[in-house]
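Colleague: Here you go, one structure.
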Amino acid sequence: MNKVVIIGGGIGGLTLALALKQRGIAVTVHEKYDHQQHHQTGFLIWSYAIALLQKLDVPVHLVGTPLEVFEVHGRSGQKISEMPIGKISRSHGADSFEINRRRLIECMSDMVGDDLEFGHKCVSVENSKDSAVAFFEDGSSDEGDVVVGCDGAHSVVRAAIHPDAELKMLDAGGWIAVMDQHPPSLQKNRHMDFWQPGCKAGVADIGNGEARWYVGFNHRLPDDSVSKMEQIKKGMVHIPEVIQQCMEMTTELQMVSTKAGDLLALDPWYQGRLLLMGDAAHATSPYAGMGACAAIADAFALAEMLDQQTDVEMLLTEFQKQRKPVADAVIKESRHGLDMSTSRSRFRNWIRDWGLSHIPEHKMKEIVDEMVTGG
Ligand SMILES: Cc1cc2nc3c(=O)[nH]c(=O)nc-3n(C[C@H](O)[C@H](O)[C@H](O)COP(=O)(O)OP(=O)(O)OC[C@H]3O[C@@H](n4cnc5c(N)ncnc54)[C@H](O)[C@@H]3O)c2cc1C
């Protein structure tokens, strides 16, 4: 493989670029924004994906902090679970990290350097016999052995392959924000989740004196014409102390609206020399906290295949065969996560809370093992 053209400079596109450059394969990444516009949000990257980023020398400790304990609080605010994420992650070779997304993207963009072109919005893509070409809004184009669509949930590359594919919207959404201080009730290296009827909220230490927090509703969408704080006050059954502190320490402008959607049934992920990965191929709702991890794992698997396999059709088939079952499982897990954490059924919530607070140690280890290894 001589040259790979990557559309999208998010977590998937940048990981793919660094993994290919490490193997000596030429890349160009085209990002539609003319500078880093990633909002101040954060995410949790599990141990297996952190290990992959570390193989690329991404300094994750500068842009986030290891997660030690994930707390879950049940329907009436009581703590129902403390998951020992740090200990179990390290037993698999790498910490799981809570990360400031913008800092991570800035850092990886710097590492990609001159091979990243900002302000290059892709408007169409085309296959030719031995290459694929991407065309940009400014009239320029770029040709490679393959064009990889890492352009997220609303992918232009996907639209060329599957013009009728549409995200399935889940009638759920909310707000996520990063604050440059710690709410007093949040301990360092902790994530606290609150599962209430119709609503899930959470807050986590992301290092560098910052915290991220979110509130999401099920069967209710964020309304941009009304105060976000008022919507939270009206929608939550009760506001946990730490979320109240976050609300007091954050401005509405810092709160980014999100609406949950996913893309379960897309098949195939390629056509000729055009290929999709990350959210472009398998967008997921955020309730399993695994979409970015899946994009990182996609990038690694693809880089290895592009390095070793010269038959393009064979490698694209193999890539999908290897990654699609995992990606589909993440999407289903996330739908289940939404259902379980925001159920309105008193009976189901009682069973859930009782079950989670009585998990034996060996079973908890199994559950956390699965989360941190993406198994
Ligand atoms: C609220 C929320 C919380 C989440 N929390 C987690 C979490 O804790 N853990 C986790 O693993 N995942 C999480 N996710 C999921 C995760 O954010 C996504 O799965 C991940 O960002 C997908 O990476 P990607 O590179 O495929 O796409 P994106 O991150 O969306 O990047 C796509 C890039 O392509 C660019 N682009 C788009 N169109 C074009 C174009 N036409 N031309 C050029 N460039 C273009 C965009 O500007 C962007 O930079 C969360 C998602 C949300 C919404």
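The numbers here are math on the coordinates, done by the rules we state, and not lab data. Computed from a predicted model, the values in this text were never measured in an experiment. Quick reminder, even Gly has a Cβ in these numbers, built from the backbone with ideal geometry, and neighbours come from all protein chains shown.
Colleague: Considering the zone a paramagnetic label at E137 would reach in this model (a point 7 Å from Cα along the Cα-to-Cβ line), which residues of the range 101-117 have amide N under 18 Å from it?
Modeller: 117
Colleague: Kindly rank 190-200, 139-149 from highest to lowest mean number of other beta carbons found within 10 Å of each residue.
Modeller: My ranking of the peptides, most packed first, is 190-200, 139-149.
Colleague: Can I ask one more? Grab the beta carbon distance between K365 and E313, set R0 = 51 Å, and tell me the FRET efficiency rounded to 0.05.
Modeller: 0.75
Colleague: Just the C-alpha atoms of the range 216-375: what Rg/Rh do they give, with Rh taken as the Kirkwood radius?
Modeller: 1.06
Colleague: May I pose another question? Using the per-residue mean of other Cβ atoms lying within 10 Å as a proxy for protection, in what order, highest first, do the peptides 5-18, 328-341 fall?
Modeller: 5-18, 328-341
Colleague: In Å, what is the Rg of the alpha-carbon atoms in the range 66-192, and how long is Dmax?
Modeller: Rg, Dmax (Cα atoms, Å): 21.3, 61.
Colleague: Using a Förster distance of 35 angstrom, determine the FRET efficiency expected from the C-beta separation of E126 and S257, and round it to 0.05.
Modeller: 0.50
Colleague: Now, a different point. To the nearest 20 debye, what charge dipole does the range 80-125 have about its Cα centre, counting +1 at the Cβ of each Lys and Arg and -1 at the Cβ of each Asp and Glu?
Modeller: 220
Colleague: Lys/Arg Cβ at +1, Asp/Glu Cβ at -1, dipole of the chain taken about the Cα centre: which of G278, G375, L302 is farthest positive-ward?
Modeller: G375
Colleague: Let me check the size of the range 238-283 from its C-alpha atoms; what are the radius of gyration and Dmax in Å?
Modeller: 18.9, 54
Colleague: Can you compute the radius of gyration and Dmax for the chain, using only the Cα atoms, both in Å?
Modeller: Looking at the chain, its Cα Rg and Dmax stand at 20.6, 61 Å.
Colleague: A further question on this structure: Would you calculate, for the chain, the mean residue ellipticity at 222 nm contributed by helices, counting each DSSP H stretch of 4 or more residues as -39,500 (n - 2.57) and dividing by all residues, to the nearest 500?
Modeller: Mean residue ellipticity, 222 nm, calculated: -12000 deg cm²/dmol.
Colleague: Turning to a different aspect of this structure: Highest GNM mean-square fluctuation, the chain, Cα pairs closer than 10 Å: which of T310, T250, T41?
Modeller: Per the Cα network of the chain with a 10 Å cutoff, T310 tops the list.
Colleague: Further question: When averaged across all projection directions, what area in nm² does the alpha-carbon convex hull of the range 191-254 cover?
Modeller: Averaged projected hull area, Cα only: 4.5 nm².
Colleague: Helix 101-112 sits at what angle to the longest principal axis of the chain, using alpha carbons and giving 0 to 90 degrees rounded to 10?
Modeller: With rounding to tens, the tilt is 20 degrees.
Colleague: At 7 Å along the Cα-to-beta-carbon direction for both K168 and K233, put a label point, then send me their distance in nm to one decimal.
Modeller: 3.7
Colleague: Let me ask another. So if R0 is 30 Å, what FRET efficiency would E304 and K79 give, r being the distance between their Cβ atoms, rounded to the nearest 0.05?
Modeller: My answer for the efficiency is 0.10.
Colleague: Calculate how steeply helix 361-373 sits against the longest principal axis of the alpha-carbon atoms of the chain, using the helix alpha-carbon long axis, and give the answer as 0 to 90 degrees to the nearest 10.
Modeller: Rounded to the nearest ten degrees, it is 30.
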